[in-house]
1. If only one of L102, L142, L153, L117 is surrounded by 13 or more Cβ atoms within 10 Å (Cβ to Cβ), assigned to a helix (DSSP H, G or I) and touching a strand residue (DSSP E or B) at 6+ places or on another chain (Cβ under 8 Å), which one is it?
2. Can you pull out the residues in the range 80-99 that are within 14 Å of the chain's Cα centre (by Cα) and surrounded by 21 or more Cβ atoms within 10 Å (Cβ to Cβ)?
3. State which residue is surrounded by the fewest Cβ atoms within 10 Å (Cβ to Cβ) when the search covers only the range 167-179 and only residues that are of a type outside the set (S, T, N, Q) and closer than 23 Å to E8 by Cα.
4. Against the condition surrounded by 13 or more Cβ atoms within 10 Å (Cβ to Cβ) and free of Cβ contacts under 8 Å to residues at least 12 places away in the same chain, how does G110 come out, does it pass?
5. Could you go through the range 67-87 and let me know if any residue there is over 17 Å from V150 (Cβ atoms), of a type outside the set (D, E, K, R) and in contact with a Lys or Arg (Cβ under 6 Å, 6 or more places away or on another chain).
6. Go through the range 32-63 and count every residue that is of a type in the set (S, T, N, Q) and either surrounded by fewer than 24 Cβ atoms within 10 Å (Cβ to Cβ) or over 16 Å from the mean Cα position of the chain (by Cα) (or both).
Amino acid sequence: MVEILLVEEAISKMQDGMSVAIGGFLGCGCPDLLVDEVINQGYKSLTLICNDTGFPGKGVGKLQDHNRLSRVYASYIGAHPSTGKQMQSGEMDVILTPQGSLAEKLRAAGAGLGGILTPTGVGTVVEEGKEIITVEEKKYLLELPLRADVALLKAHKADKNGNLVFRKAARNFNPVMATAADLVIVEAEEIVEVGDIDPDMVHTPGVFVDILVKGGSQNG
């Protein structure tokens, strides 16, 4: 059963050291209200799973600003200078993952798969420590599933059963992350009655959602 909670109540379900998948693409589709509350409640030593580490002072970048991260899985870190510096100094473990592979690792976790085979990264630093499997004389990397303790997502609209609609490019990583976390908390711009969303317009079914929080306007 989906709960509709205040942001303080929703984020209080978290703990230090959790792995947290956060939707968004350089700020577009990021659940800013939820991220701010993670900082307010003082959680630390988090593992961030996200497309990127955002910009200083914005979205997931605030987690970097406040040194709340111990590990990052991302495809791009160039927009936040501190991420690269902490990676080079060894202060933070950064696992750079090609964007498509990152999405597929999450999808594999959500689908209950043992991993995916991809040619992306073969012959580069990406293959270090990974199993290489040859299929019909072509080499592939075995990329293992990537699952989070909690997912913090942003939706344009949700009904009270948790069915979600995302807006344009803000959809990005949000739907796949909803399938790949033990606890899914969604910041929705609008929460409507059951039946108010055309079933053909639902991007993520409510079965994947645990908690809804009424949020602000969609940032993308």
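1. L102
2. Within the range 80-99, T97 is the sole residue that qualifies.
3. A178
4. Criteria not met by G110.
5. The answer is no; no qualifying residue exists.
6. Summing the residues that are of a type in the set (S, T, N, Q) and either surrounded by fewer than 24 Cβ atoms within 10 Å (Cβ to Cβ) or over 16 Å from the mean Cα position of the chain (by Cα) (or both) in the range 32-63 gives 4.
Every number in this text was worked out from the coordinates using simple rules, so none of it is lab data. Please read these numbers as outputs of a predicted model, since none were measured by experiment. When we count neighbours, we look across all protein chains shown, and the Cβ atoms used for this are built from the backbone with ideal geometry, even at glycine.
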